[in-house]
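Pasting a structure here, questions to come.
The values are calculated or read from the model by the stated rules, or taken from the named source; none is laboratory data. A quick note: this is a predicted structure, and the numbers were derived from the prediction, not measured. Protein only, heavy atoms only, side chains kept; ligands, DNA and RNA dropped before computing areas. Shrake-Rupley method; radii C 1.70, N 1.55, O 1.52, S 1.80 Å.
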Amino acid sequence: ELKSIYMRIRELLSEGKSLSDAHAQFPKVFSCIYINMIAAAEKAGALPLVMQRLSEFIFYQIEIRRKVVGALTYPALMIVMAVAVVFYLFVRIMPQLSKSFISLKVTLPWYTIMMNNISDWMQRWWIVCFILIGSTIFGLFTWSKTKKGREKIDLFVYTSPVIGPLVQRVTVSRFSKTLSTILSSGVRIIEALTLTRRVVGNTVMEKALDNAIISVQDGDKLATALEKTKKFPSMVIHMLRTGEKTGRLEEMLVNIAEIYDDDVNNQIEATTRLIEPVMMIFMAGVVFMMVMSVIGPMMAAMNQLH
């Protein structure tokens, strides 16, 4: 498919189209940043350098996406496995134990009765549970496609205690790397911020950048405009202000991206280390309740024999 697209681009170039205009004919394949950076490179006569930076930028985006997916996959898998084990224990194991206790005609302790009631409820309504869970997931997915739904979900994710800090670091890193790449290609600051806004991936940051763009248009420096949004860490603001004073803004943005990339790696490791013991404690609690529900009636049965 890509080969046929580039054959068409070659034909457009032969017809006199510019490289950016030729790529713009395929908006589903080439992003607006990709096209605008090529256009800026053509004007500045720096196409080879910009294409190299685009290559590095695309690789960077893939790496960030891989890190985020990797960070979320492990917790999601642990939660699914925990739910599956608990469901199996209540639906398959507890009913068999209950039959044994009934045949022994022993007085069941309150916690065993509670576990039996939960087991009975899950056996009767497990289909309804699955339908409700499936409907909820589908409803959330559909709602997230709406503007209001996406804003609410993004705000929840951005401010959540565990995933929030990770998302914030990824967003700042993506913002810094993207803006640096675009500015180094000769694109003006307002246009660069507008393009960067489209790839930060979170509506909370998108709104902050909308306000920052207005401030820059009113004459504020980039660091001041971002500081007013109150969505960027003070260290980022300080580094940007230093970069603007020394005329090394693009270099400072790259440094910010590298710092926050390291933070993302550390946050992923910390989150993974935190989730594993939490899930183990949860599973241990469930198993402990199951064991106690078995031991209690067994002790009662032994007392009756005596």
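Per residue, how much accessible surface does the chain expose to a 1.4 Å probe? Answer in Å², no decimals.
For the chain, the solvent-accessible area averages 60 Å² per residue.
Additional query: Each residue of the range 274-287 in order: what ³J(HN,Hα) in whole Hz does its phi give by Karplus 6.51 cos²θ - 1.76 cosθ + 1.60, θ = phi - 60°, with x for Gly and Pro?
Karplus values, whole Hz, x for Gly and Pro: 6, 5, 4, x, 4, 5, 5, 5, 4, 5, 4, x, 5, 5.
Determine the relative contact order of the chain: mean sequence separation of Cα pairs under 8 Å and six or more apart, normalised by residue count, in whole percent.
23 percent.
So, one more: Output ³J(HN,Hα) for the range 180-185: one whole-Hz value per residue in order, computed from phi by the Karplus curve 6.51 cos²θ - 1.76 cosθ + 1.60 with θ = phi - 60°, and x for Gly and Pro.
With the stated coefficients, the range 180-185 comes to 4, 4, 5, 5, 5, 8 Hz.
Taking a 29 Å limit on the Cα-Cα distance, which of the listed pairs Lys28/Lys230; Lys28/Lys231; Lys43/Lys230; Lys67/Lys148; Lys152/Lys230; Lys43/Lys152 fall beyond it?
Beyond 29 Å between Cα atoms: Lys28/Lys230; Lys28/Lys231; Lys43/Lys230; Lys43/Lys152.
Share of the chain's accessible area from carbon and sulfur, percent, 1.4 Å?
After summing per-atom areas, the C and S share lands at 64 percent.
Match the structure shown to one of the listed values [x] 31, 25, 18; [y] 57, 23, 16; [z] 35, 21, 20 of semi-axes √(5λ) of the Cα gyration tensor in Å, computed from it, and give that label.
[y]
Still on this model: Grab the DSSP H runs of the chain that are 4 residues or longer, score each as -39,500 (n - 2.57), total them, divide by all residues and round the 222 nm result to the nearest 500 deg cm²/dmol.
-28500 deg cm²/dmol
Whole-Hz ³J(HN,Hα) for each residue in the range 130-138, computed from phi via Karplus 6.51 cos²θ - 1.76 cosθ + 1.60 with θ = phi - 60°, x for glycine and proline: what do you get?
Karplus-based 3J(HN,Hα) across the range 130-138 equals 5, 5, 5, 5, x, 5, 5, 4, 5 Hz.
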